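Inspection log for the structure reproduced underneath, given as structure tokens.
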Amino acid sequence: MKYIILLADGMADRPVKELNGKTPLEAAFKPNMDAIFRRSKCGMVKTLVDGYPLGSDIGNMSVLGNNPELHYTGRAPMEASSMGLKLESDDVAFRCNLVSIDGTKMKDYSCGHITTAEADEIIKTIDKELGGGAYRFYTGKSYRHIMVTKGGEDTKAVPPHDITGREISGNMPAGKKEKELISLMERSREILKDHPVNKARRAAGKNTADMIWLWGQGRRMEIPAFKDKYGKSGAVISAVDLVNGIGMAMGLDVIKVPGVTGFIDTNFKGKAQYALDALKTHDFVYVHVEATDEMGHIGDYKGKVLAIEKFDSEVLKTIMEGIGAIGDCRVMITSDHATPISERTHTAEPVPFVIYDSRADYSNKVQEYSEKQIAQKSGLYYDKGWILFGDFINNNI
């Protein structure tokens with residue numbers, strides 16, 4: 001038996017006025033998901049945990065079978081792990097976004113999805129000017145990077161994607177190291193103002209990397225090995241360091257796919273093709289697609305519908321056309337949280353999941369693949385994502 005989870009990050013949503021009151025999932029043309037849905041089990045799952053961040057860190061940990069209450073230390077250590085950074089026991093890693101500022105407000109949490117090559121030049125400059133001694137800066141991907149220091153794990157820090165269009169002054173880090181952290185962020189503004197990368201981006205009409213934004217801090221993370229826990233081998237496919245870092249901490253192989261970006265221009269089909277290849281030698285593969293979440297964060301309902309349609313036509317279709325040659329399989333389709341267009345950030349409501357088993361025809365009684373229909377009519381609900389994962393991988397659902 002082979003197992004695969006196809007996760008569209010932040011796919012779940014709320015009704016959108018411009019879509020005639022439909023959610024992007026309801027409005028999207030998704031013939032492959034609809035076909036699978038008709039012969040699958042479906043339900044709702046609460047992937048996030050009360051009292052913890054409403055983020056992809058908690059959501060993906062949960063969907064991958066890990067209880068965040070036992071293992072979560074912060075978002076940044078997961079990404080640091082994926083980047084190959086070895087944190088000492090007293091190290092604290094911070095997520096270091098490159099952000100665009102409009103006067104005193106957060107304009108863009110991603111600098112227009114700055115390229116990794118451009119970001120690398122900027123982070124190297126930041127490390128030269130602000131790093132050394134107590135602070136070390138490391139290049140990640142696009143706008144997502146890491147700063148490592150000692151202490152500061154008690155910091156209360158706001159994710160920049162939660163404050164788009166809002167004043168930054170009331171959302172700066174708070175805690176014992178707040179003066180030092182805020183100083184780094186403010187000093188970065190002067191360093192980056194006339195940086196060559198920003199000059200080129202400004203001339204091209206693109207958003208510039210105006211400052212660093214520190215958040216998501218935590219110490220080194222420990223998670224039980226997937227093989228020890230379930231007796232199976234596994235792999236993860238994602239463009240996002242966060243997800244790859246969780247996988248690495250679990251002992252999953254990270255499969256690199258050419259052309260993946262974490263945005264709408266990613267190599268959707270390549271992820272599916274590489275997943276099929278991975279299933280020839282692994283029992284389980286986790287395929288994570290970020291584009292749906294990014295469209296939610298920028299409030300682009302057309303883009304989110306398009307991302308779901310690409311997920312359907314290029315990821316799911318490719319998987320279902322190729323899986324038969326590999327053997328019996330179980331496929332779960334879900335998301336790690338909702339990212340409603342109306343909110344432009346993550347929200348805590350449960351999300352739908354669909355489970356297909358090649359050995360069974362469940363004759364789904366729910367008529368439509370939608371958040372509302374599944375919530376009202378499926379009768380199947382999990383209040384913990386890691387319990388759903390255990391039932392999925394152990395064939396108990």
Residue 258, sole failed condition from (1) in contact (Cβ under 8 Å) with a residue 40 or more places away in the chain; (2) part of a loop (DSSP other than H, G, I, E, B); (3) more than 18 Å from the chain's Cα centre (by Cα): (1)
Any idea how many residues of segment 194-209 are surrounded by 12 or more Cβ atoms within 10 Å (Cβ to Cβ) and farther than 13 Å from residue 126 by Cβ? 7
Tell me, which residue of segment 376-391 that is surrounded by fewer than 18 Cβ atoms within 10 Å (Cβ to Cβ) and over 19 Å from residue 50 (Cα atoms) is nearest to the chain's Cα centre (by Cα)? 390
Can you spot a residue in segment 57-67 that is surrounded by fewer than 22 Cβ atoms within 10 Å (Cβ to Cβ) and in contact with a strand residue (DSSP E or B) (Cβ under 9 Å, 6 or more places away or on another chain)? no
Of the conditions (1) under 24 Å from residue 268 (Cα atoms); (2) modelled with pLDDT under 95, residue 39 satisfies every one except a single condition; which number is it? (1)
Before we move on, is residue 124 at pLDDT 95 or above, basic (Lys, Arg) and either outside the structural domain of residue 373 (by TED's automatic domain parsing) or over 16 Å from the mean Cα position of the chain (by Cα) (or both)? yes
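Residues checked against (1) in contact with a Lys or Arg (Cβ under 8 Å, 6 or more places away or on another chain); (2) touching a residue at least 60 places away in the same chain (Cβ under 8 Å); (3) not polar (S, T, N, Q):
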residue: 162; (1), (2), (3): no, yes, yes
residue: 179; (1), (2), (3): no, no, yes
residue: 201; (1), (2), (3): no, yes, yes
residue: 204; (1), (2), (3): no, no, yes
residue: 214; (1), (2), (3): yes, yes, yes
residue: 228; (1), (2), (3): no, no, yes
residue: 233; (1), (2), (3): yes, no, no
residue: 240; (1), (2), (3): yes, yes, yes
residue: 243; (1), (2), (3): no, yes, yes
Residue tally, condition out of contact with any Ser or Thr (no Cβ under 8 Å at 6 or more places or on another chain), within 18 Å of residue 310 (Cα to Cα) and crowded, with 24+ Cβ neighbours inside 10 Å, over segment 224-267: 2
Criterion (closer than 28 Å to residue 153 by Cβ and at pLDDT below 95) met by exactly one of 55, 65: 55
Within segment 154-165, identify whether any single residue is closer than 14 Å to residue 216 by Cβ, of a type in the set (Gly, Ala, Ser), outside any strand (DSSP E or B) and not assigned by TED's automatic domain parsing to the domain that holds residue 294, and answer yes or no. yes
Restricting to segment 236-254, count the residues that are under 11 Å from the mean Cα position of the chain (by Cα), under 17 Å from residue 272 (Cβ atoms) and not in a loop (DSSP other than H, G, I, E, B). 1
Helices (runs of 4 or more DSSP H) contained in segment 281-367 and holding at least 1 residues among the aromatic types (Phe, Trp, Tyr) and surrounded by 20 or more Cβ atoms within 10 Å (Cβ to Cβ): 301-310
Just to be sure before I move on: is residue 89 over 21 Å from the mean Cα position of the chain (by Cα) and outside the structural domain of residue 264 (by TED's automatic domain parsing) in the structure I sent? yes
Count of segment 134-162 residues which are among the aliphatic types (A, V, I, L, M), surrounded by fewer than 24 Cβ atoms within 10 Å (Cβ to Cβ) and farther than 16 Å from residue 175 by Cβ: 1
Residues that are touching a Gly at 6+ places or on another chain (Cβ under 7 Å), crowded, with 21+ Cβ neighbours inside 10 Å and closer than 30 Å to residue 392 by Cα: does segment 170-180 have at least one? no
Identify the single condition in (1) touching a Lys or Arg at 6+ places or on another chain (Cβ under 9 Å); (2) surrounded by fewer than 24 Cβ atoms within 10 Å (Cβ to Cβ); (3) closer than 28 Å to residue 394 by Cβ that residue 276 does not satisfy, given that it satisfies every other one. (1)
When you scan segment 288-316, how many residues do you find that are among the aliphatic types (A, V, I, L, M) and farther than 21 Å from residue 29 by Cβ? 1
Residue 183 vs. criteria part of a helix (DSSP H, G or I), surrounded by fewer than 19 Cβ atoms within 10 Å (Cβ to Cβ), polar (S, T, N, Q) and modelled with pLDDT of 95 or more: yes
Given 108, 91, which one is over 21 Å from residue 243 (Cβ atoms), crowded, with 22+ Cβ neighbours inside 10 Å and either among the hydrophobic types (A, V, I, L, M, F, W, C) or touching a strand residue (DSSP E or B) at 6+ places or on another chain (Cβ under 6 Å) (or both)? 108
Taking residue 391 as the residue in question, decide whether it is in contact (Cβ under 8 Å) with a residue 60 or more places away in the chain and either in contact with a strand residue (DSSP E or B) (Cβ under 9 Å, 6 or more places away or on another chain) or in the same structural domain as residue 10 (by TED's automatic domain parsing) (or both). no
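The values are calculated or read from the model by the stated rules, or taken from the named source; none is laboratory data. If you're wondering where the values come from, they're calculated on a predicted model, not measured in any experiment. Methodologically, a virtual Cβ is constructed for each residue, glycine included, from the backbone with ideal geometry; neighbour enumeration extends over all protein chains shown.
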